[in-house]
């Protein structure tokens with residue numbers, strides 16, 4: 001467990017410990033079956049299954065290839081987050097934790113039946129889910145953290 005030292009953002013505080021995305025996916029599978037949708041104004045709840053990754057890339061590949069690739073990417077992200085955490089600023093740690101939360105949630109969903117359950121539909125963007133939003137939000141936070149990071153000062157020569 002990540003309990004000691006500067007790595008205080010670990011699983012005890014990490015959002016992937018909250019099963020919210022999988023609970024919502026379970027609810028939508030039942031509530032939105034048979035083509036039902038719920039209009040929320042700018043957003044609709046509409047059930048879709050994605051056998052691929054973002055924007056259905058790789059949808060025609062065997063599910064074990066997509067599952068293996070996403071598992072390796074998720075593991076790589078976890079290792080990168082683990083190694084980066086001790087020296088990273090708070091925004092970077094939160095961005096990595098948020099991305100990892102989304103990646104783990106989608107990996108867990110894909111592990112069940114080989115597809116990811118999507119349910120948030122805008123009409124102008126591919127249907128997505130909360131885990132996807134976490135991945136994008138975490139990436140945005142990482143970009144903002146990188147833009148606002150000040151370079152280490154170097155001693156002036158006399």
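Take every pair of alpha-carbon atoms less than 8 Å apart whose residues are at least six positions apart; their mean separation over the length of the range 78-132 yields a relative contact order of 27 percent. For the range 48-147, averaging the sequence separation of C-alpha pairs within contact (under 8 Å, six or more residues apart) and dividing by the residue count gives a relative contact order of 33 percent.
Net length available on complete extension from residue 124 to residue 140 is 3.7 nm, with 0.36 nm assigned per residue and the Cα-Cα distance removed. At a Förster distance of 30 Å, what's the computed FRET efficiency of residue 113 paired with residue 87, Cβ-Cβ distance as r, to 0.05? In this case the efficiency is close to 0.15. Note on residue 78 and residue 148: their simple-model spin labels are 2.9 nm apart, each label 7 Å out from Cα toward Cβ.
Any read-out appearing in this document is the output of simple, stated calculations on the displayed coordinates, not a laboratory observation. Everything numeric here is computed off the predicted structure, so don't read it as measured data. Cβ sites come from the backbone with ideal geometry, for glycine too, and all protein chains shown count toward neighbours.
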